[in-house]
Amino acid sequence: MNEITAYAVKKLLSDMKVTFNFSHNFVRTSSECNITEKENGCEMNFKFGTSEMLQHVTVTTRGNDKTVVFSIDASLSLSFGSLYCLLPEKFMEITLGENYVPDKILVSGHDNPWWMFPSFPETFAGIPEDSQGMVIADGGRHYHVLPLCGDNIYCNFEKGKLYLNSGMNGLFNISGDFLAVTVADDPFTAVRESFKSCRELGAINVKLKNEKVMPENLNGLGWCTWDAFHHSVTSAKIYEKLREFNEKKVPIRYVIIDDGWSDLSAPNDYGCMMLRGFDADKNKFPEGIKECVRRMKEEFGVPAVGVWMPMTGGWVGIDPNGPLAETEKDHLFTPPCGLLIPKADEEENGGFWDDWFCFLAECGVDFVKVDNQSSVEKRIEGFEPSVIGIRKAHIGLERAVDKYFGGSIINCMGMDMQNVLNRPGSMISRNSDDFVPGVHRSFVKHLMQNSYNAIWHGEMYCCDYDMWWTDHESADASGVLRAISGSPVYVSDGTDRTVAEKLLPTVADDGRLLPLDEAARPTLDCFYVDPRESGEFHKCWNRSGEYFAAALFNVLETEVTDTLEFADIPGLDEAVEYLAYSFFEKKFTRFKKGDAIKVTLPGDGAEIINLYPIKNDGEEYVMLGDLTKYANCASAKTKKYIKEI
């Protein structure tokens, strides 16, 4: 086996000792693993002593000199099926890194069912519950460990173990890819090559970000109703806010009418509501959604309008006593959870969305935000393997999105790998938990989620860093983060609360995004470091061709002085000199890649530094951007000679 396969098998997966967990607390651990070298990988056949419960268990590998993909094929003996079955969760386990402690580990794990949060354990035993990806630094090399979705299985990590899961009792056969490991000399290359190789090897069967196109109607500055009005949103409040934007000359290019607009049943004991109809709540939108959208566009000049809905129709499905239960009965079903939801079938599920989106498109709606996506796993639990149901649900949903909205959708609450790796072609996916303006210093968590999640999530999607407030304690830092994010920028200011001077630096003068190449990710020195513990800035970077930007965030409440080492920004050319512009300090600095600058920030402060290569036509000059913009390196440029600056 080649170097990367040997690393994965022997060090990371502890020589492949496999344990199967059955119902009734029945456990079987492999007693022998026979490895056979193949042309493009190897085949591992496992024996389990004298047990006849498992007919066969075979793990195969395939890959290239940098990436190895693991696949499993296993069958349970039918003679034992009436007595024992594989557990729906953690039915197979492999010990991670037995007697192996790498230099550093960055883990991406669930801190709730919908979102991921980074952790920095010292050993594999410290990996949090339900983690779904990690990057390992060891001996000057970096390894990306990517859990995959197989035919009827998915993979996660927890407390020093790799687990396989299906979400369903009673399976006799399991199969498919479950893991990829990739090595490179830097962590960003390891992650990028991991996704690229998996796509080429057929382990990822949906489009990567670089194969997709950004929806034009979301390529700019937007406003969302959620943190402005929550469930009390009305058409009258929307009109009032749009008047304010026009008066303040804020170039809003789209509006998201979020949760609270639709026709819902009364809240249940948990405050959740079921969907009754396709149109708006008549008490909040007495004119209906069609007339509301018309007024937003014709009277207030909003180019595009989108509306929100959960992937389950309503938060807890469809009201069985409402009109939709009858008109959409062919496209709905009740899984073991007891809720009435769109069918977990790509044709019939697509039928529900086809009907709703056809209605909305006829009302002038241009895109949708579809929420609650990672809840589908629990909604269909026990009906079929979750990865199968989720895959079909996304196919049905996106077929209707493509048909009526040209593929324009914001995926939300869907960072579980079963969602991430099964959306056929949509471009935008929320990258963090909600912006929570009512929680003091919540920006720190928001920053960490977005920066670290983007490391891997940005290979699949344009990462949506969520809404923000321009009159909030974190307004400057929030604006800087959104400007460097490379994603849609949208706020959720309430009436009479938009501070235009905080908002306008985030986008071009016409409201379009400033074009950056990537999602904003940590600089190399911050990659494996928890900024809450380091006492240093959290720094992230992005680029626009040969131009770069670095954002610095003080995550402490006290003043901090720290250093930006330019070599920690990937892609800078050692042979080139650059001119750096510090936005808030209004200062230019000339430097080379090996140089550094010291920056002092107040508690919770931020700075963004844009980097311009110095050129020479007989005299030195730079192509300088619009210095009124945070990410000015991505703005329209004019030629400026160094002697004039």
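The values are calculated or read from the model by the stated rules, or taken from the named source; none is laboratory data. Owing to the predicted nature of the structure, the values given are computational and were not obtained by experimental measurement. Only protein heavy atoms, including side chains, enter the accessible area calculation; ligands, DNA and RNA are left aside. Shrake-Rupley method; radii C 1.70, N 1.55, O 1.52, S 1.80 Å.
A few comments on the model shown:
- Classification of the range 431-536 by its C-alpha gyration tensor yields an oblate form. The axis ratio a/c (a ≥ b ≥ c) is 1.5 or more, and b/c is at least a/b.
- The value of relative contact order for the range 1-106, using C-alpha pairs under 8 Å at least six residues apart, is 32 percent.
- The range 450-571 - percent relative contact order, Cα under 8 Å, separation 6 or more: 23
- Between amide H atoms placed 1.01 Å from N, distances below 5 Å from Glu287 occur with no residue 5 or more places distant or on a separate chain.
- Taking the inverse of the mean 1/r over every pair of distinct Cα atoms in the range 294-413 gives a Kirkwood hydrodynamic radius of 14.7 Å.
- Measuring against 30 Å, Cα to Cα, the residue pairs Lys47/Lys90; Lys209/Lys615; Lys592/Lys640 contain Lys209/Lys615 as the ones spanning a longer distance.
- Under-5 Å amide H pairs with Leu332, H placed in peptide plane, nonlocal only: Lys343
- Over the C-alpha atoms of the range 381-433, the Rg to Rh ratio, Rh being the Kirkwood estimate, stands at 0.98.
- Amide H partners (placed H, <5 Å) of Val18, local residues excluded: Ser30
- Cα gyration tensor shape for the range 197-301, rounded if a/c is under 1.5, else prolate or oblate: oblate
- Taking all Cα-Cα distances within the range 56-115, those exceeding 13 Å account for 81%.
- 21 Å Cα-Cα reach of Lys329 towards lysines, excluding residues that sit fewer than 8 places from it in its own chain: Lys343, Lys392
- 1.4 Å probe accessible area per residue over the range 418-557, in Å²: 25
- Protein accessible area in the chain, 1.4 Å probe - carbon and sulfur %: 48
- Ranking Ser582, Ser31 by solvent-accessible area of protein heavy atoms (1.4 Å probe, all protein chains present), from largest to smallest, gives Ser31, Ser582.
- Enclosed volume per residue, in Å³, of the convex hull spanned by Cα atoms of the chain: 160
- Using a probe of 1.4 angstrom and keeping all protein chains present, the accessible surface of the range 600-645 works out to 42 square angstrom per residue.
- Bridge orientation summary for the chain: considering DSSP beta bridges with both residues in this region, about 80 percent are antiparallel.
- Along the range 18-31 the Karplus relation, 6.51 cos²θ - 1.76 cosθ + 1.60 evaluated at θ = phi - 60°, assigns HN-Hα couplings of 10, 10, 10, 10, 10, 4, 6, 6, 8, 10, 10, 10, 4, 9 Hz to successive residues, with x for each Gly and Pro.
- 1.4 Å probe accessible area per residue over the range 266-306, in Å²: 53
- Backbone HN-Hα couplings from phi across the range 190-196 [Karplus 6.51/-1.76/1.60, Hz, Gly and Pro as x]: 4, 5, 4, 5, 4, 5, 4
- Note, ³J(HN,Hα) from phi for the range 208-215, Karplus 6.51, -1.76, 1.60, rounded to Hz, x at Gly and Pro: 7, 4, 6, 9, 10, 10, 5, x
- Theoretical gain in end-to-end length, Asn210 to Tyr100 [0.36 nm per residue, Cα-Cα removed]: 36.1 nm
- Centre separation in Å (Cα based) which lies between the range 201-231 and the range 88-139: 28
- Two-decimal Rg/Rh across the range 448-605, once Rg and the Kirkwood Rh are taken from alpha-carbon atoms: 0.95
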